[in-house]
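Everything on this sheet refers to the single structure shown next.
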There are 2 protein chains.
Amino acid sequence: MMPGLRLPDPLLAKRIEESACARDSVVLPTDRFGDWLTERRRAQWQEVRRVPLTALRGWDFESDTGNLVHASGRFFAVEGLAVRTDTGPVRRWRQPIVNQPEIGVLGIAVREIDGVLHCLMQAKVEPGNVNGVQLSPTVQATKSNYTGVHGGAPVPYLEHFRDAEPSAVIADVLQSEQGSWFYRKRNRNMVVEVGPEVEAVDGFCWLTLGQVLDLLRVDNLVSMDARTVLSCVPLGSGEPDRVGDDFASALALSGDPAAGGLHTTTEVLSWITDMQARREMDARRVPLDEVDGWTRGDWSISHDKGRFFSVIGVDVEAAGREVAAWQQPLIRPHGTGVATLLVRRFGGVLHALLNARVEAGYLDVVELAPTVQCTPGNYVDLPPGSLPPFLDIARAARADQVRFDAELSEEGGRFHHARTRYGIVEVGTGVADTEPPDYRWLTLHQLAGLLQHSHYVNVQARTLVACLLGLR
Amino acid sequence: MMPGLRLPDPLLAKRIEESACARDSVVLPTDRFGDWLTERRRAQWQEVRRVPLTALRGWDFESDTGNLVHASGRFFAVEGLAVRTDTGPVRRWRQPIVNQPEIGVLGIAVREIDGVLHCLMQAKVEPGNVNGVQLSPTVQATKSNYTGVHGGAPVPYLEHFRDAEPSAVIADVLQSEQGSWFYRKRNRNMVVEVGPEVEAVDGFCWLTLGQVLDLLRVDNLVSMDARTVLSCVPLGSGEPDRVGDDFASALALSGDPAAGGLHTTTEVLSWITDMQARREMDARRVPLDEVDGWTRGDWSISHDKGRFFSVIGVDVEAAGREVAAWQQPLIRPHGTGVATLLVRRFGGVLHALLNARVEAGYLDVVELAPTVQCTPGNYVDLPPGSLPPFLDIARAARADQVRFDAELSEEGGRFHHARTRYGIVEVGTGVADTEPPDYRWLTLHQLAGLLQHSHYVNVQARTLVACLLGLR
């Protein structure tokens, strides 16, 4: 290679691997993390009170459309969506949807401390969180945030992402969020290495990647925004000294391109292309007033049968973030979601069963979702047999098959008490021996390759990729 | 690797390379290709006659929107688009746009003959072609085509793409088309290997990849659809026996990941993400009746200053395709387009200067375009200094800098006499030493990586990637 030309940093993968293997740290030892969190929960109090939508300060129902919009015209709006598709038990419907066209930044800063990369994590409170503070990325900023539309304080550490040196960027990719609740929302997921001059201010702490991955097992602790960024870290799946017949070995081989897989990567890309080309999804923005089957009351916009979600209004008073008091709408899902990834060893290599899923709010037609992703309560009015494939297998899993099981929250800045039970269940011969057309067994190596690009892996599957990395 | 698991075919790259190096073939020797083409032009006559839009059989202006639609509701429609963006000399406008939501297939079948892969190419006539027959992919089929909406004959060879064995697929990716003329149009670009039972029927011929790449130098011969599929072939850029200081060596190194580049691939992806996140583009479909600045006459829909393009109607009578006679609208651009790729050697490795370009019809905000892409005539009313960057350098190129120069057509099924002058110009020190924010020097290896995925490289840049591969 000539001077002036560059190759990928050959040491980076090793340094990330070492950070993932470091399950403890002298900076903030794991056995002191609980105290730190308790202290943050004390310091960052928040009071959230429901208020009528009609009285929401700064927000109004637009007279000609009925859309719920902010007076500044920014942040986000609740509008209507008219959907027509060719798959699933219901193929035509209208629904409220959150439209937030601006692309925000979700960034984790990493820094070498005592020779090991540490992630700068933030204790962040969000109005929709079930438990106040959750462990969040270094930076979570909407464009409104960083252009100062809300008139709040500047976002700490934002400059390290906004003005990042190209060579300091470890990951930087737009990823979608919930396609059932958001219209074409995506955020910029970034990991950036910073120098020793960057210190953790109040409310922030340095944790190794291994420590953060371990904390994923704690219910409702690691936030959705942290999980999606973690899934984009270019991390293998461990290199055990000897290849054995245990789960860790199968996981390690799954991250190794030389180990092979049931399908080549060309075949996986071709399958995704086929699903994009075959499935039909027409999602058209319509005025919220024209969404039938939903009723707007003073306190909420709700589905007439009480399904799916409601739009509610909240008044928030908080310490420890940019603005001390505000009001905003939130999406309140009805019922806890289920997201399960079935995994299975083929030839000693762990594979995960992904579903090419159509959601109305995706920019493109399909993205890869966990094997099972649903809110069972939404199916009670549908004919028997409408329940999603593999839900029965996920539910019937024996304890020794369950590799991961935790309740984790979706983003508390837009969703109110949105809980999902995330699970990784290992299955054996007999499950999806022949894959249904919209399911494929993928290796972790293939998922990691897809995660370098936008719009392949949905936000629920990204959480489960992070959880899978934590099992190494 | 365990039995049942698979790795990418290690021989495939070599076989493709050999086909690209084969500049002649016994199947259809290059010196007999001209006769074959002449014969096809005789056999596949076509008569195209302009007719008033108001008299277009099967097409109507919808009463409430003014959109020009087909009676079946399928094929495509001419609608309006209201655009707001934050870049370029004009930042707010309305325009007619072709909306064709269905995803078609553009496929090239390849087959080993005498130990060398040959491409099954088709002599295809399109109503908008300047010269009748062009050399096209094996299959060009809209969903309407293959579901038989038009009532025509079945599309030959389509089954090899529709029902392809996964292991026979060499490339399969959705790629966008002209974002100034199409609303979110994309086609499925496929290359599939077939067996010896597949023969070339009348109107088709087998050519090596090297023969097809050489034919790119002939004006208006290799069709846009063929060029875009060729750009997706996973082909390196040649391996000269010795690395010299000539252009071929620089091109070969450009396809070699180990040779390095000015930017790492992580940096290139981060730059694209940054452009996607920073640029704003709001493109909203509106009724064609509400497009101001354009006038609908009996014979055309045209811009009031005669710029950009017109929508016209044609009556077509043709032999040698599915339907013998039909009428349809076409987009007729005003003036010949210019698409130039500046290339430069850094450390002996050839780099191409790509532009992160915003077009109103892209699914996402930006795609990578050639260094220069414009129709100079559209700029005459704009203030001096509005001409695109690098156009002056492209125009001032000395003969010895011009590595490629040909006039090639855009798709004749939708566009009438849409010609673009495609050029590859080699520049030296002093040109874009410091890259403007929306330009980057990329290696061919990096472009090939991006081309495995959708929505990174626009259709004009894909043509130039194919042309660059032809210089090997």
Revision key, fill the gap. Out of A:ALA352, A:ALA432, A:PRO196 - ranked by how far each Cα lies towards the positive end of the dipole of chain A, with unit charges on the beta-carbon of charged residues - the top one is A:ALA432
Check your understanding: Dipole of region B:254-294, Cα-centred, from +1 at each Lys and Arg C-beta and -1 at each Asp and Glu C-beta, to the nearest 20 debye?
Key -> 120 debye
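Using a Förster radius of 60 Å, what is the FRET efficiency between A:ARG50 and B:ASP405 based on their Cβ-Cβ separation? Nearest 0.05, please.
Details: r = 68 Å, r/R0 = 1.13.
That pair, A:ARG50 with B:ASP405, gives E of 0.30.
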Check your understanding: Once phi is turned into ³J(HN,Hα) by the Karplus curve 6.51 cos²θ - 1.76 cosθ + 1.60 with θ = phi - 60°, what whole-Hz value does each residue of region B:164-180 show in order, with x for glycine and proline?
Key -> 4, 4, x, 6, 8, 7, 9, 8, 6, 8, 6, 10, 6, 10, 3, x, 8
Revision key, fill the gap. HN-Hα couplings for region B:389-400 via Karplus (6.51, -1.76, 1.60; θ = phi - 60°), in whole Hz with x for Gly/Pro, come out as x, 6, 4, 4, 5, 4, 6, 8, 4, 6, 4, 6
Study note, to complete from the structure: Inter-copy distances for A:PRO8, label 7 Å out on the Cα-Cβ vector, sorted ascending, nm, one decimal, are 1.2
Review point. When the accessible area of chain A is computed with all protein chains present and a 1.4 Å probe, what percentage of it is carbon and sulfur?
Key: 50 percent
Check your understanding: Put a dot 7 Å past each Cα toward the Cβ at A:VAL201 and B:GLU62; how far apart are the dots in nm?
Key -> 5.2 nm
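Roughly how big is region B:267-409's charge dipole about its Cα centre, with Cβ charges of +1 (Lys, Arg) and -1 (Asp, Glu), in debye to the nearest 20? Before the final figure, lay out each step's value.
On the way: 15 positive and 20 negative charges, 113 e Å.
I would put it at about 540 debye.
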Review point. Which part of region B:250-266 falls in the paramagnetic zone of B:CYS21, meaning amide N under 14 Å from the point 7 Å along Cα-to-beta-carbon?
Key: B:252
Point to revise | Label-point separation in nm, B:THR336 to A:ALA258, each point 7 Å along Cα→Cβ | key: 5.4 nm
Review point. Which of B:ILE170, B:LEU269, B:LEU387 sits closest to the plus end of the dipole of chain B, meaning its Cα is farthest towards the positive end, when Lys and Arg get +1 and Asp and Glu get -1 on the C-beta?
Key: B:LEU387
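For peptide A:165-173, compute the average count of partner chain beta-carbon atoms within 10 Å of each residue's beta-carbon. Intermediate values should be presented prior to the final figure.
On the way: counts 1, 9, 5, 2, 8, 2, 4, 9, 6.
For peptide A:165-173, the averaged partner shielding equals 5.
Of the peptides A:438-450, A:18-30, how do they stack up when ordered by the mean number of other Cβ atoms within 10 Å, highest first?
Working: A:438-450: 22.9, A:18-30: 16.2.
Going by the mean number of other Cβ atoms within 10 Å, highest first, we get A:438-450, A:18-30.
Just counting partner chain Cβ atoms within 10 Å, what average do the residues of peptide B:254-264 show around their Cβ?
Values: counts 0, 0, 0, 2, 2, 4, 7, 5, 3, 4, 8.
Partner-chain Cβ atoms within 10 Å, mean over residues of B:254-264: 3.
Suppose all protein chains stay in the model; what accessible area per residue would a 1.4 Å probe give for region A:240-353, in Å²?
Numbers: 4560 Å² over 114 residues.
Each residue of region A:240-353 exposes 40 Å² on average to a 1.4 Å probe.
Before I look further, what does region B:102-230 give for accessible area per residue, probe 1.4 Å, in whole square angstrom? Walk me through the numbers before you get to the answer.
On the way: 3640 Å² over 129 residues.
Here the residues of region B:102-230 average 28 Å² of exposed surface.
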Point to revise | Reachable aspartates and glutamates from B:LYS305, criterion Cα separation under 17 angstrom, eight or more residues apart if same chain | key: B:ASP292, B:ASP381
Practice item. Ignore the peptide's own chain and count Cβ atoms of other chains within 10 Å of each Cβ in B:6-13; give me the average, rounded. Key: 3
Exercise for review: Starting at the first residue of region A:73-86, write each ³J(HN,Hα) from the Karplus equation 6.51 cos²θ - 1.76 cosθ + 1.60 with θ = phi - 60°, in whole Hz, x for Gly and Pro.
Suggested key: x, 10, 6, 8, 9, 9, 10, x, 9, 9, 10, 9, 9, 10
**Study point:** Per-copy distances of the B:ASP64 label point, shortest first, in nm (7 angstrom along Cα→Cβ)
**Key:** 1.7
Practice item. Can you tell me the order of B:300-312, A:454-466, A:190-202, B:99-111 when each peptide is scored by its average per-residue count of other Cβ atoms within 10 angstrom, highest first? Key: A:454-466, B:99-111, B:300-312, A:190-202
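If you put +1 on each Lys and Arg Cβ and -1 on each Asp and Glu Cβ, how big is the dipole of region B:1-125 around its Cα centre, in Debye rounded to 20?
Numbers: 18 positive and 16 negative charges, 72 e Å.
So the magnitude is around 340 debye.
Given the protein assembly as shown, what whole percent of its Cα pairs are spread farther than 52 Å? Don't skip to the end; give the middle numbers.
Details: 75186 of 445096 pairs.
For the protein assembly as shown, the share of Cα pairs beyond 52 Å comes to 17 percent.
Calculate for chain B the 222 nm mean residue ellipticity that helices alone would give, adding -39,500 (n - 2.57) per DSSP H run of length 4 or more and normalising by residue count, nearest 500 deg cm²/dmol.
Details: 11 runs with 93 residues, N = 472.
Estimated from H runs of four or more residues: -5500 deg cm²/dmol.
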Practice item. Return the lysines within reach of A:LYS185: Cα separation strictly under 22 angstrom, same-chain partners fewer than 8 residues apart disregarded; answer none if there are no such residues. Key: A:LYS124, A:LYS143, B:LYS185
Point to revise | Pseudo-label separations to other copies for A:PRO234 - Cα-to-Cβ vector, 7 Å, nm | key: 1.9
Exercise for review: Would you work out which of A:GLY58, A:GLY34, A:PHE76 lies farthest towards the positive end of the dipole of region A:26-83? Charges go on Cβ: Lys and Arg +1, Asp and Glu -1.
Suggested key: A:GLY34
Review point. Using r as the Cβ-Cβ distance of B:TYR379 and B:GLU112, and R0 as 51 Å, what FRET efficiency do you calculate, to the nearest 0.05?
Key: 0.55
Check your understanding: Each label point is 7 Å from the Cα along the Cα-to-Cβ direction; what then is the distance between the points at A:PHE247 and B:SER386, in nm?
Key -> 6.4 nm
**Study point:** R0 of 30 Å, Cβ-Cβ distance B:GLU39-B:HIS417: FRET efficiency to nearest 0.05
**Key:** 0.80
Check your understanding: Which chain B residue hugs the B-A rotation axis most tightly by its Cβ, and what is that distance in angstrom, to the nearest whole number?
Key -> B:HIS453, 3
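The values are calculated or read from the model by the stated rules, or taken from the named source; none is laboratory data. Please read these numbers as outputs of a predicted model, since none were measured by experiment. FYI the Cβ positions are ideal-geometry reconstructions off the backbone, even for glycines, and counts take in every protein chain you see. Side chains included, ligands, DNA and RNA excluded: accessible areas come from the protein's heavy atoms. Shrake-Rupley method; radii C 1.70, N 1.55, O 1.52, S 1.80 Å.
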